[in-house]
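The values are calculated or read from the model by the stated rules, or taken from the named source; none is laboratory data. None of these values were measured; they are calculated from a predicted model. Ligands, DNA and RNA are stripped out before the accessible areas are found, and what is left, the full protein with its side chains, is counted by its heavy atoms. Shrake-Rupley method; radii C 1.70, N 1.55, O 1.52, S 1.80 Å.
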Amino acid sequence: MNYEIGAEELDFLKEAGNIGAGHAATALSTLTGRRMDMRVPSAAILPFEDIVLDDEEEAASAVLFQLSGALNGWMVFMLPDSQAERLARQMTGYAAPDSPALLQSAFAEAGNIVCGAYISAVSDLTGKVLSLSPPQQAADLKSVLIAEALSAVAPEADAALLIDACLTDDSESGGMEGSLLIVPEPDSLVALFPPAGQSDE
């Protein structure tokens, strides 16, 4: 069963993204000692074949989580490699720049903050329990990372939620253009948004 959500539900998911972005920015600001802002300019439910990111052959770093509770599936936070390293260095206060393990751990924590803030916002707005697994990390071409996330749930699902996640700081280095990808199992969307006349109890 594949559940198609409407404009109202999509607006809800974007609203949750903006709320979560505010919480994530606050947490990142505290950890980095810098002013961090995050916004969610767009969100869309797309068929797998229509999920396309800019520069898909660009190398990227990703933090992946398995979703459980009222929403089952996978969630991915992705940034181009250079921006992921920049964020990780900010997380460490630019300490130990030659330690790949430290930078990887810092980026995983940043992904945990961003995704955790979004899921917490959805949970608060719906009153439903959602959970994230410990983070998993991957680095590859954007197209490969997307394919891996989609294949983790397919063939049960045929669409995913793609959310733009734009991070900025108080430097003059420009923003960090990331993506949140949520690949839900179809029945999970029914649990979050019961069709009219259907109780979720």
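Considering every Cα-Cα pair within the range 108-152, what fraction, in whole percent, is farther apart than 14 Å?
Values: 602 of 990 pairs.
Tail of P(r) above 14 Å: 61 percent of Cα pairs.
How much length, in nm to one decimal, is gained on full extension between A139 and A152, taken as 0.36 nm per residue of separation minus their Cα-Cα distance?
Numbers: separation 13, 0.36 × 13 = 4.68 nm, distance 1.64 nm.
Roughly 3.0 nm would be gained on extension.
Leaving out ligands, DNA and RNA but keeping every protein chain, what accessible area does D170 have, in Å² rounded to the nearest 10, with a 1.4 Å probe?
Spelled out: D170, probe radius 1.4 Å, area about 90 Å².
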